[in-house]
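K.L.:
Pasting a structure here, questions to come.
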Amino acid sequence: MKSPLLLSATAALLALAACNSKPATPDVLDSNPDPMATELANRAPVELPPAIKADKTFRCKDNSLLYVTLFQGDKQAFVKTTPTGAINRLTAAKAGDPLTAEGGWKLTGTASNITVTQPGKPSQTCKS
């Protein structure tokens, strides 16, 4: 006849044998390493594009319209002469400098009043 004490001792030993004495850290196996991991770790920080500060239509002294999108940071603006026309991207090296583009574009001012020089035209003021 088996003793109940022997059965309970055997059950306790089996329960303890199922426990793992190793810490609960997972084993990570990298069977497919990233070939660009080094390049990505050493890359330069990415600068996000600026947010739109204002999107305005300006009436100029010569009664023409300009469609201007000003961006946060005051280093970039998009200027169009018609609502669906080509976008002229004007930029500045630092905030506060006049925004310029190839061909003779130059823009200064705020979201309510600007002074603009277009290719082949004299400088003029515009109001939104």
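The values are calculated or read from the model by the stated rules, or taken from the named source; none is laboratory data. What you are looking at is a predicted structure, and each value in this text was computed from that prediction instead of being measured. Heads up, the Cβs are rebuilt from the backbone with ideal geometry, glycines too, and the neighbour counts pull from every protein chain shown. Accessible surface areas use protein heavy atoms only, side chains included; no ligands, DNA or RNA. Shrake-Rupley method; radii C 1.70, N 1.55, O 1.52, S 1.80 Å.
K.L.:
For residues in region 51-67 being of a type in the set (Lys, Arg) and farther than 21 Å from residue 97 by Cα, which is least open to solvent (accessible area, probe 1.4 Å)?
P.N.:
Checking each candidate, the answer is 59.
K.L.:
Moving on to the next point. Would you check which residues across region 109-126 are open to solvent by 60 Å² or more (accessible area, probe 1.4 Å) and assigned to a strand (DSSP E or B) and list them?
P.N.:
Hits for region 109-126 are 109, 113, 125.
K.L.:
Separate question: In the set 40, 70, 48, which member is under 19 Å from the mean Cα position of the chain (by Cα) and open to solvent by 90 Å² or more (accessible area, probe 1.4 Å)?
P.N.:
Just a single option satisfies the conditions, and that option is 48.
K.L.:
How many residues does region 48-65 hold that are in a loop (DSSP other than H, G, I, E, B) and more than 16 Å from residue 121 (Cβ to Cβ)?
P.N.:
Counting residues in region 48-65 that are in a loop (DSSP other than H, G, I, E, B) and more than 16 Å from residue 121 (Cβ to Cβ) gives 4.
To keep it simple, each residue is scored yes or no on (1) in a loop (DSSP other than H, G, I, E, B); (2) basic (Lys, Arg).
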| site | (1), (2) |
| --- | --- |
| 67 | no, no |
| 73 | yes, no |
| 77 | no, no |
| 86 | yes, no |
| 94 | yes, yes |
| 97 | yes, no |
| 103 | yes, no |
| 107 | no, no |
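K.L.:
For region 46-70, what are the residues that are hydroxyl-bearing (Ser, Thr, Tyr) and touching a strand residue (DSSP E or B) at 6+ places or on another chain (Cβ under 6 Å)?
P.N.:
Hits for region 46-70 are 57, 67, 69.
K.L.:
For region 118-127, state whether one or more residues are under 24 Å from residue 48 (Cβ atoms), modelled with pLDDT under 95 and small (Gly, Ala, Ser).
P.N.:
no
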